[in-house]
Structures are given as structure tokens and as C-alpha cells.
Amino acid sequence: MSDCYRAQCSQWVTMLFVISWGGAAVVSQGEPVKAWVSLTAEQRGEVEASLRGRVAGLVAGYMLWDLGTNEGRGRSEQKTSGGLGWGESTFLRNYMLCYHATGDTYWLDKVQDHFDRMLGNMSDPDEDGFRAWSSMTYSVGIVRARVTAGAETLTVSPELQRPYVKRGGEKVTGHRYGISFSQAAELVVTDETAKSELLREKYDGKATLTAIPGAKLTVEGKAGPGARIEVTTTAPQWIEYVVHDGMVTYPVAQWIEAVYREPRLHEKYKAKADEYVRILDHDFRQKWEQYWVDLPDGAGLYTFTRHETERFPLYSLPHNQYLALARTWCVLQDLPGVPHREMYRDKAERMAKYFRRNLRRVGEAYEWNYWDPRPGEDLKPHIEDSSHGTIDISFAVEAASRGIVFTEEDLRRLARTYLGLMWNGSLEDPLFGGRVNTQEGGKRVWWEWIGLARADFQVWRVAWALFQKQGESVSMAPTMAALYEDLVGVSEQERREAVRVGAQVRKAMTTGPLLNGSFELGLPGVRSPLGWALTTWNPDEGSHGEWVQEGRDGGKAVALIGGEGKVNVLAQPTRWTKVKPKSVLKIGVWYRSEGASKPYLSVLGRSEEGERLQYDSCSALPAAQDWQHRVWEVAAKAGVAEVQVLLRNGGTGKVLYDDVTLELARAQ
């Protein structure tokens, strides 16, 4: 089943997978791990040298990206549980990490807005009294075949098929079919539900049939008139999944915790937090009670549902799937005023015991399986992979921080798994294995894994190396900001700065189709103007972009500097501008040039699905020692839904651009 969720997990990984944030108080029970490792002065200085003064910029950069992604709605409009669990949950987690690092209530508003939208898409199709999201992606189609006449000489195989959706199961219709034989030695396949003939062919004693959607049947033996094979099918069903619910509700539980623990938030958010508590209790906790199994020695876990088109009806869930929801229970059991705290605590402890019981010592590290079925469940265990394992790690960190079964020693051993078994040992090009017991795979593994910095400072060094290697990617920014807060603390001054800069970003997003065309706005610690990337498509020596104080009115501008050889330097917006069909783009720029530079403009256009449909460039603009203004008009091609305006330099020398404008009009 390791590939059961892999396709959806790839969305997860752009990811945006993140650490368990350490802002929660711990319960009095057990022996909770200290908030974070005690850093030496040298280690603290190392962390501060990396990100001091930059948290506001990191969070604002993520805000800019988020607002430009589906107009700030993330994946919250997804209708399937898989789309929400593997897509939207990342947005919710990142919002809570940004709040943890900055205290900006804007991020709480984002969680509430998204979750309310998601709740509006819940339904109760099976009429069990619990609202839910569901998915067909992980279901199966069922095909049953049996000989009902002529059985003494005729056989059909296989008698039962359960093809997975996306492997043929999606074709299964739920119809009844008949296979009969005529006097003319013909085989006839009929869809008896639709009352249509699907196949008629000669039969000489053996046939392989694919006419029934989703099925492949072999018929053998003598078949005279009257011989008959009956085929009944069950179409894949929409099914609910513990893991998807866990992925979504974990950051929502953190949102509730923030509201409950901070009195300043009560007036605005407490009523909504109480509403969410009731929803989590009824539509999630109570719903899954029927699939809970107590195990010996105080352990327990959830199972798959009993739906007949479930891949493994009532089988034990893989570790990542029950642990996804266990994280939510860890948070809720820690909050005074939450009903059924004892039950949340009991379930979290039992799942923690089951997972910990299945960890195996490998020197100073742990390894474990993707799945450890109960006796009688016919499945072959295999080693956990790094993608699903990130949920396992997240749970261990969350549980240890709240004194639930896992200890500081456990976290150190899991850190040794990451550093000792999976990591290639390089800080210049850090790569990790695809499974928890090997370096083979060559992957950039961070996600929840870097939360283990609480147990081993070397994890921070690896996280920072990964962040640098990935160009300080916006997807990793919330994680790094939250990790910085947990290790050394974001100052109150920088928290205030984050709130101020965030408001500046949101205001800039409403100024027109082109963000920050004057290049006056920027983010702390970022060397490019807000909303723009300065880059090279042919990185020859000396070619680069700069954000400079050389604007035409004494303010900021961008400088595109071409070195020797083939020059291709550009300033590119970090968000796409939506356009209507038959739009005409009117692009205005102020520019001046030096040397043998070649200033010109380009437009990229893509469809709603992201397919590039347009790449047009204007003629080179005339050389200009003084500031000049030029306008280029270009029509968006058919099917283009979003565009980007590129400022270019294709020659040796410098081009300065300032006060770029974009007007959108319809073709006459």
C-alpha cells in the first residue's frame, strides 16, 4: 500500500510539509519534553546569524505567494477529502506556522476563512448522521463472475476482481452482464442493465474478454446453447478516510489552541473556536469511534471503513494514516474546556504506544515499517518511506512535547534516523534516502523531519543547508520562520515589523494588475523588490539583476546587467495576472540603457491549467542614455487566462527599468 497515496502526496511535497510548532503548554501528566534543546552561545549565534531580522520578510514573501495562489483560497474549494487532505492541509499548517512566528492575527483569519469554506462542502451521503468529505480515488471496483449454466464443462476466471481506481477500477459501472453462447458457436456479451450487446464473436473453447468495463475474464471449456456466465459489478464508492481528516483537523486544532490560550483573542475568535470544537467532536471523533480497535498492553488504532469497495475493509491503518488524526487528539486533550479530553488523551496514548512498539533499534537510530498489520491481515510489511514518514515524525514530536508516551530519547533516536541512516552527510548538497533506513533515493527531505531540531542541533544545520540549496524557496519559508522562533525566539520588534510589512503586502496586492511596478516596496532581508524576481536564463559570468537606488525620480529601480557571452537577464513578476478572453495588454515602461545592452519586453501567457500558450517579445527598444518612456501593445492569444510581463536585457551592459504599468483592455 506504499503507493496508495503517493500520487496525492506529490502535491503535499511542493510543500510544503512542516514541523510541529512548539508554542503549546504541556499537560501535567507524563514527562513532557522541554520546549527546545538548550543551545550553547555558539549555536544560538549560528541560528541568529542565519535569520535575525529576516522573519518578517520570509513570512511576507509567503503571504505574497499565497495571495497570488487561487486568489488566496489555496485548495480550500476542493470537494474531495484527498484534495483537502493532501492539498489544502499544507496551507492551513503554513498559516499556523506564520502565526506562531509573528503573532499576526491575519493568519488566524486565513484559517477561519478556509475552514469555513471547507465545512460548507461537507455532506452526509451515507446518512449516518455525520458530515464528511470523501474520495473515490482510493476505492476499488468489484467484478464477480460465475457460471450459472453449463458448469460441468465451462469455467470463468478470475471469479473475483477488485481493480483499484486509476488502474482500471474507475471503469467498473455497477451493471449486470451476461455471457451466453449461441448454436452458431458464438459468444455474446450483453450489458443487461443497459440492455445492449457489447460483443459477439466466434468461440472455439477459450476466449479472453475485455468487453466488460474494468474486467478481464478468461472463459474456457465446451459451451453449447444454454450455457451462461453471469457477471455482477459494483462501481467504486465515495469513502471517508481517517488520514484526510487528520491532515485537515491538525492545524485547525492548533488554531483552537491559540484562541483558547490567548485571552486577547477571545472576543473575536472564541465563539468560532467553540463551534469548531463541537464539529471536531461530532463529525470526526464520534464518526470514527466505530472503527476504533483496542489492542493488548494499552495500544490501539483506527481501521479502514467497512465499505465493500474499500481496498482493505476493516484492516488496520498504516502508521501515517492513524497518526495523522492522533496529532489532532494530542492537541485537543491538552485544552481545558474541551469536552471528552480524557477520551482524546486515551486514544492519543494508545496510538502512540502502538507506533512506538513497532519502532526497531538500529544502532542509535530507529527504523520502522509503513504498515504493521494485526494478525490475520494478509499484508507484507515494508520499510516506511520518507514522504509518509513525515507524518510519523510530526506525531512523535507533538506527542513528546505534551508528555504522551514519546520521550526526548525517542526524538534523539529519530533524529539519528534522519541524520545517520537517511542523510548523505553533505551540507553543500544535502540529499536523503527515499526510505527511513537508507541514503538511496537522492531526495530533498525536510517537511516535518526538521522538527527534530529540538533533539539534535545538527538538524538545524541540515535544514538551513536545504533552505539555501533550494534558493530559500517560499514553500519552506513558514517552516524556517517557525523553527527560528522555537530555537531562539522572534523579537517583539520583529513581530511588529511582520504585522506592518504584511499589511503593506496586502495593500500592494490591490493596486492594479501589476504589483509594485514602481519598485519602491520591498521585504526585510530580501534583495528583490516586492513581487519581482531578478534572474538570468543564461547565467553567464557577470550577468545579474540588482534592486538599486537609481530610479528616474530618485527612488528605486531594477538594473539588469549583462556580462560577456550570451546575455539573458530579466525581472519577472512572482505572480501571474489574470486576463479575460480577447484582452489587449498595454505595457508602459520607463528605461535607460548603457553600453551594448539590449532592452526589450516579453509576455508569457498560460491557460487555466497552466499550459504555456504564448511567448511574445517586442523589438529591441532604442538605446537611451536618459530616461525614456515606451508603450508596447500585445494581444493575449486564444485560451490564455494568465500573463506575466518580463523586463529583459539581452546584451552586454546595463538596463534600468522603472515605473512599469500594465493596462488591460478588450480588443475592438
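Taken together, the values in this text are just the output of simple stated rules run on the coordinates, not laboratory data. Quick caveat, the model's predicted, so the values are computed rather than measured. Every residue, glycine as well, gets a Cβ built from its backbone with ideal geometry; the counts of neighbours run over all protein chains shown.
Overview of values
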| read-out | value |
| --- | --- |
| Cα gyration tensor, the range 105-199 - rounded (a/c under 1.5), prolate or oblate | prolate |
| In the range 297-376, trypsin sites (Lys or Arg not before Pro) in a DSSP loop with at most 15 other beta-carbon atoms within 10 Å | Arg306 |
| As computed over the range 587-668, the Cα convex hull volume per residue (Å³) | 94 Å³ |
| Computed FRET value (nearest 0.05) for Lys582 with Glu71, which takes r as the C-beta separation and R₀ as 25 Å | 0.70 |
| Directionally averaged projected area (convex hull, Cα atoms, the range 428-472), nm² | 3.2 nm² |
| Cβ-based net charge around Lys598, under 13 Å, with every Lys or Arg adding one and every Asp or Glu removing one | +2 |
| Size of charge dipole - the chain - debye, nearest 20, with Cβ of Lys, Arg +1 and Asp, Glu -1, no other charges | 780 debye |
| Debye equation applied to the C-alpha atoms of the range 532-666, log10 I(q)/I(0) at 0.14, 0.15 Å⁻¹ | -0.61, -0.70 |
| Percent of C-alpha pairs per 5 Å bin, the range 54-121, short to long | 3, 18, 29, 27, 14, 7, 2, 0 |
| The range 188-258: equivalent-ellipsoid semi-axes (sqrt of 5 x gyration tensor eigenvalues, Cα, Å) | 50, 12, 9 |
| Sequence ranges 571-577, 453-459, 183-189, ranked by mean other-Cβ count within 10 angstrom, highest first | 453-459, 571-577, 183-189 |
| Set of lysines with alpha-carbon distance to Lys110 below 21 Å, sequence-local pairs under 8 removed | Lys79, Lys268, Lys270, Lys272, Lys507 |
| Fewest-first ranking of Ile404, Ile279, using other Cβ atoms within 10 Å as the exposure measure | Ile279, Ile404 |
| Per residue convex hull volume, Cα atoms of the range 415-511, in Å³ | 105 Å³ |
| Straight-distance crosslink candidates among aspartates and glutamates, where the alpha carbon sits under 19 Å from Lys206 and sequence neighbours closer than 8 are dropped | Glu152, Glu159, Glu186, Glu220, Glu230 |
| Mean shadow area of the chain over all directions, Cα convex hull, nm² | 37.4 nm² |
| Modelled FRET efficiency - R0 35 Å, Arg612 with Glu377, Cβ distances, 0.05 increments | 0.15 |
| q = 0.11 Å⁻¹: log10 I(q)/I(0) that the Debye formula gives for the range 127-251, counting C-alpha atoms only | -0.46 |
| Among 624-632, 241-249, 66-74, 253-261, the order from most to least packed when residues are scored by Cβ within 10 Å on average | 241-249, 253-261, 66-74, 624-632 |
